[in-house]
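Below is one structure; the comments refer to it alone.
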Amino acid sequence: MPVRPALAAALGAAALLCAAAVPAGADPAETVTVDSTGSIAADGTVTLSGTYRCVSGTGPVLVSSSVSQSDPRVKHGIGGSAARCDGAEHRWQNSGKVSLETLKAGAAHVQATLLEMRPAGIALMPVFHAIDDLDIALVNR
């Protein structure tokens, strides 16, 4: 598996495992949003998008996303994209393939997370900059 997809998958998994409220000390200027519509292709590729803004990071920062449909406890990680933390608002877009039996066009719930993997000794610790949850429409593409 190439390094970038493996890193995105690992950080996406960390976001799902560590999903919690944004720390009280998070900068209020840091945000992540989810667009109200995502798409699902005939081959099961789901594409989600939105915006983000972050001020700084000492480690790699990613926008990860997950989607759920009929059972809110079952979330499917949909990629991760590198974030540029320069204080400006940027667009993000993540894509990932799921089984067509798993997700279909219609109502869905998306969680997007702006997550930094901050160096802490010899390990990397997940630090949440912003989280957004939104009910969206998945449309056929």
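What the table shows:
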{"item": "For residue 80: the one exception among (1) of a type outside the set (Val, Ile, Thr); (2) open to solvent by less than 60 Å² (accessible area, probe 1.4 Å); (3) more than 27 Å from residue 28 (Cβ to Cβ); (4) within 18 Å of the chain's Cα centre (by Cα)", "result": "(3)"}
{"item": "Qualifying position, being under 17 Å from residue 139 (Cβ atoms), in contact with a strand residue (DSSP E or B) (Cβ under 6 Å, 6 or more places away or on another chain) and either in contact (Cβ under 8 Å) with a residue 24 or more places away in the chain or of a type in the set (Val, Ile, Thr) (or both), among 45, 58, 33", "result": "45"}
{"item": "In the stretch 83-96, residue farthest from residue 45 (Cα to Cα) [restricted to those that are among the hydrophobic types (A, V, I, L, M, F, W, C) and either under 18 Å from the mean Cα position of the chain (by Cα) or surrounded by 18 or more Cβ atoms within 10 Å (Cβ to Cβ) (or both)]", "result": "85"}
{"item": "Pair list, Cβ under 7 Å, 6 or more apart: the stretch 117-128 residue of a type in the set (Lys, Arg), other residue open to solvent by 80 Å² or more (accessible area, probe 1.4 Å)", "result": "118/58; 118/124; 118/125"}
{"item": "Test result for residue 136, open to solvent by less than 20 Å² (accessible area, probe 1.4 Å), among the β-branched types (Val, Ile, Thr) and not in a loop (DSSP other than H, G, I, E, B)", "result": "yes"}
{"item": "Given (1) open to solvent by less than 70 Å² (accessible area, probe 1.4 Å); (2) at pLDDT below 95; (3) within 18 Å of residue 32 (Cα to Cα); (4) not aliphatic (A, V, I, L, M), index of the condition residue 51 fails", "result": "(2)"}
{"item": "Filtered residues of the stretch 27-59 (kept if touching a Cys at 6+ places or on another chain (Cβ under 9 Å), part of a strand (DSSP E or B) and among the aliphatic types (A, V, I, L, M))", "result": "32"}
{"item": "Matching residues in the stretch 32-44 - criterion: being open to solvent by 30 Å² or more (accessible area, probe 1.4 Å) and modelled with pLDDT of 95 or more", "result": "33, 35, 36, 37"}
{"item": "Search result, residues across the stretch 121-133 that are open to solvent by 40 Å² or more (accessible area, probe 1.4 Å) and aliphatic (A, V, I, L, M)", "result": "122, 123, 124, 125, 131"}
{"item": "Pairs with Cβ under 6 Å, 6+ apart, first in the stretch 97-109 and within 8 Å of residue 40 (Cβ to Cβ), second loosely packed, with under 13 Cβ neighbours inside 10 Å and at pLDDT 85 or above", "result": "105/139; 105/140"}
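The values are calculated or read from the model by the stated rules, or taken from the named source; none is laboratory data. In this text, all values refer to a predicted model and were calculated from it rather than measured experimentally. In this analysis, Cβ positions are derived from the backbone assuming ideal geometry, glycine residues included, and neighbour counts consider all displayed protein chains. The protein model used for the area step is the full one, side chains on, heavy atoms only, and it has no ligands, DNA or RNA in it. Shrake-Rupley method; radii C 1.70, N 1.55, O 1.52, S 1.80 Å.
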